[in-house]
Amino acid sequence: MHSLKRKIAAHLALVAAIVLIGGFLSATLVRLAPGFDSDERELDPRLNAESVQALRDSRRQSDNIFRFYFHYMILAAHGDLGQSLALGQPVRTLLRDRAPLTARLIAIGLSLAWAFSLTLALSAAWLRLSIYDTATTILSGFFLCMPAAVLALLSVLWNAPGSLVIALIVFPGTYRYTRNVLLKAYYQPHILAARARGVGEARILFWHVIPVIMPQLLALGGVSVSMAIGAAIPVEALCGLAGIGQLAWQSAMARDLPLLVNITVLVTLVTLLANSSADVIGAVIRGQEV
């Protein structure tokens, strides 16, 4: 029991360290990006000299990236995520207001992607028809080659929901991996022996195939979360959906350092938690120690 607690504590410490390092790297890349010190608002002829100087002073606090990130961590520990330079609102408020939309889009998109993937993969494994397998492979390859921005623009033209676009972006990777895992499992000697003895396909699937491939599918599920998060950025930006993805795009265009650092930390944390949860559940299913 104590060994399990120590492993969980060590794993959480590793997650925290990766999140902090990811936030620092994000801040460094933004700070070193060309044009970071420029602000298009300074070109507004309605601003006087004092207003222009105030804009410059607001960015001067980020000149020393180490001092900025240390100050950010101290404020974040007290629940203060800072102020958006571009939008002039508290970062905490922006994330709180936009997170539900992004979470709903990702949840629905992942559900649809996995429904498509499992349906096609299971049917391909059951039917074992080369023409059907070729057709599904071509279909997944088509969406794999299609840029996310193009799918997002087509959804705008056809008035399709953003969650469907996320599903189509995630679908090729999940389908191809699931198909390969299923085919490999179905050609195991004990599966062939069970089928030769007349065991039904449903029993083979639920008793002999799914328990074997479940840890691998769980690992893929954790990876698909990060794929969906990455897909949400172009989808929300091009479809005009006011979520975290659109906020990330706006902050990147405006070089909004406080907002970008917080979004990076949030995305890194969600991705790590999703993968860690998949690893823990997979280890429990295999009967191994976490």
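Just so you know, all these numbers are worked out from the coordinates, no wet-lab data involved. What you see is a predicted model, and the numbers here were worked out from it, not measured in a lab. Backbone-built Cβ (ideal geometry, glycine too); neighbour counts: all protein chains shown.
Considering only the other residues whose Cβ falls under 9 Å of the Cβ of Ser117, what net charge follows from Lys and Arg at +1 and Asp and Glu at -1? Display every interim value, and only then the final one.
Details: positive: Arg176, Arg179; negative: none.
Result for the local shell: +2.
Length gain on complete extension for the stretch Leu153 to Glu201, per 0.36 nm per residue less the alpha carbon to alpha carbon distance? Walk me through the numbers on the way to the answer.
Working: separation 48, 0.36 × 48 = 17.28 nm, distance 4.18 nm.
Contour length minus the Cα-Cα distance gives 13.1 nm.
Which trypsin sites (Lys or Arg not before Pro) from segment 122-193 combine a DSSP loop assignment with at most 15 other Cβ atoms within 10 Å? Can you show the working numbers first?
Working: sites: Arg128, Arg176, Arg179, Lys184; in loops: Arg128.
Taking segment 122-193 and a limit of 15 other Cβ atoms within 10 Å, the loop trypsin sites (Lys or Arg not before Pro) found are Arg128.
Would you please classify the overall shape of the chain from the alpha carbon gyration tensor, given that a ≥ b ≥ c denote the square roots of the eigenvalues, rounded means a/c under 1.5, and beyond that prolate means a/b larger than b/c while oblate covers the rest? List each step's numbers first, then the result.
Working: a/c = 3.53, a/b = 1.79, b/c = 1.97.
Since a/c reaches 1.5 but b/c is at least a/b, the shape of the chain is classed as oblate.
Based only on other Cβ atoms within 10 Å, what is the fewest-to-most ordering of Ile281, Ile21?
Placing the least packed residue first, the sequence is Ile21, Ile281.
Pick from Leu110, Leu29, Leu85: which is most flexible by mean-square fluctuation in a GNM of the chain where alpha carbon atoms under 10 Å apart are linked?
Leu29
Using alpha-carbon positions, what is the distance between the centroids of segment 100-173 and segment 207-263, in Å?
Centre-to-centre distance over Cα atoms comes out at 15 Å.
Assuming 0.36 nm per residue, please report the length gained on full extension of the stretch His78 to Ile138 beyond their Cα-Cα distance.
Numbers: separation 60, 0.36 × 60 = 21.60 nm, distance 5.18 nm.
Extra length from His78 to Ile138 when fully extended: 16.4 nm.
Search the structure for amide H atoms under 5 Å from the amide H of Gln83, placed 1.01 Å from N in the peptide plane, and list their residues when 5 or more places away or on another chain.
Excluding prolines and chain starts, which carry no amide H, the hits are Val91.
Enumerate the calculated ³J(HN,Hα) couplings along segment 147-154 in order (Karplus 6.51 cos²θ - 1.76 cosθ + 1.60, θ = phi - 60°), each rounded to whole Hz, writing x wherever the residue is Gly or Pro.
Listing the rounded values in order: x, 4, 5, 5, 4, 5, 5, 5 Hz.
Taking the chain as a Gaussian network, where each spring joins two C-alpha atoms under 10 Å apart, which residue of Ala17, Ala248, Ala121 fluctuates the most?
Maximum fluctuation in the GNM of the chain, among the listed residues, is at Ala17.
Gaussian network model of the chain, Cα springs within a sub-10 Å range: biggest mean-square fluctuation belongs to which of Ala125, Ala113, Ala33?
In the Gaussian network model the winner is Ala33.
Each residue of segment 76-91 in turn: what ³J(HN,Hα) in whole Hz from Karplus with 6.51, -1.76, 1.60 and θ = phi - 60°, glycine and Pro shown as x?
Per residue, the Karplus-derived 3J(HN,Hα) values read 5, 5, 9, x, 9, 8, x, 10, 5, 6, 7, 9, x, 10, x, 4 Hz.
Counting pairs of Cα atoms in segment 158-214, how many percent are more than 17 Å apart?
Details: 806 of 1596 pairs.
Here the tail beyond 17 Å accounts for 51 percent of pairs.
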